[in-house]
Amino acid sequence: MRAIFLGTADGHTSARREHSGILILTQESSILLDCGASVARFLLHKKIDADIPESIWVSHMHSDHIGQFSMLIQSLWLRTRRAPLHVFGPADVLEDMKNWLEKCLLFPELIGFPIQWHSVKPGRGFTHGPFKLTPFATQHLANLASHFKRAYPNTCFECYGLILEHEGNRYVYSADLAHPSELSPALKGGKVSALLCELTHFPERDLFHELVKYSVESVWITHYPDHLVRREAELKLMAREEKFRGEVHLMHDRVAHEI
Ligand SMILES: [Zn+2]
């Protein structure tokens, strides 16, 4: 399985790096994990067919995760995509995105390809093409919800990470976390080939301290602040100090890896 890290920056604007987006490619299919990077430009630049991505996983409503969604749809329309696009995410997020496309003049009758919206629930796994997808809830927006949910009941405060199973291997996308302990439902189910993990909302050391409890072969760090860009060696050392034995990779924008 190939993972292209389209953007590795966190929610702060970075002069050199894009926001969240990981394109997963297999022989048979593809899924884009969040849509905060300028994926439309990347796909065009690399001459990637307009039927890719086959599906999109939307973790939550922060702009660094969904800000490029409508631009991607506009681009796929103008590039005459025909294949259906499957979008997975929390029910309320999908509803908001559907409405947003209407506001952006991207009507279903206009764009030339169907968008199939699939609302998902934590712990409820399902098969889609060659993948098994199982969402898990994180507490990323819990603090914000405690302050604002009453005043803004129509805003979605859910955030879902993803367990992605393919050809007998297990991969985990953290989405955004309040703390790495929230990865527990995803990591406790058996060996994880690759954890694609954010590293911005908690002390870096806490991640490795948590991971030693599980069987994780490799961690691919994304969604991290600018000050960590050149500190991969330091992070690897930290992982060893915490006795995490898996591989540690600090990802950079537009770099592809076999995971
Ligand atoms: Zn967020």
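Just so you know, all these numbers are worked out from the coordinates, no wet-lab data involved. No experiment lies behind these values; they were computed from the predicted model shown. Reconstructed Cβ throughout: ideal geometry from the backbone, glycine too, with neighbour counts over all protein chains shown.
Which of (1) closer than 25 Å to Asn169 by Cβ; (2) of a type outside the set (Asp, Glu); (3) under 17 Å from the mean Cα position of the chain (by Cα) does Ser63 not meet, given it meets every other one?
Of (1) closer than 25 Å to Asn169 by Cβ; (2) of a type outside the set (Asp, Glu); (3) under 17 Å from the mean Cα position of the chain (by Cα), only one is false for Ser63: (1).
Residue pairs, Cβ under 8 Å, 6 or more apart or interchain, first in segment 137-158 and farther than 20 Å from Val120 by Cβ, second of a type in the set (A, V, I, L, M) and within 11 Å of the ligand (Cβ to nearest atom). List them.
Taking only residues 6 or more apart or on different chains, the pairs are Asn143/Ala178.
Six or more apart or on different chains, Cβ under 6 Å: which pairs go from a residue in segment 58-84 that's without any contact (Cβ under 8 Å) to a residue 40 or more places away in the chain and among the basic types (Lys, Arg) to one that's in a loop (DSSP other than H, G, I, E, B) and within 10 Å of the ligand (Cβ to nearest atom)? Could you list them?
none
Suppose we filter segment 149-189 for residues that are away from the ligand (no atom under 16 Å from the Cβ), closer than 18 Å to Ser59 by Cα and assigned to a strand (DSSP E or B); how many remain?
Number satisfying all stated conditions: 5.
Being part of a strand (DSSP E or B) and touching an Asp or Glu at 6+ places or on another chain (Cβ under 8 Å) is the filter; apply it to segment 190-220 and report the residue that is nearest to the ligand (Cβ to nearest atom).
Only one residue tops the list, namely Glu198.
Just need a number here: residues in segment 230-251 that are touching a Lys or Arg at 6+ places or on another chain (Cβ under 8 Å) and assigned to a loop (DSSP other than H, G, I, E, B).
Count: 1.
Give the residues of segment 164-183 that are over 23 Å from His19 (Cβ atoms) and either among the aromatic types (Phe, Trp, Tyr) or touching a residue at least 24 places away in the same chain (Cβ under 8 Å) (or both), sorted by residue number.
Glu165, His166, Glu167, Asn169, Ser181
Go through segment 104-160 and give me each residue that's at positive phi and in contact with a Lys or Arg (Cβ under 8 Å, 6 or more places away or on another chain).
Gly112
Name the single residue, out of those in segment 11-50 being touching a residue at least 60 places away in the same chain (Cβ under 8 Å), farther than 15 Å from Val255 by Cβ and β-branched (Val, Ile, Thr), that is farthest from the ligand (Cβ to nearest atom).
Restricting to residues being touching a residue at least 60 places away in the same chain (Cβ under 8 Å), farther than 15 Å from Val255 by Cβ and β-branched (Val, Ile, Thr), the top hit is Thr26.
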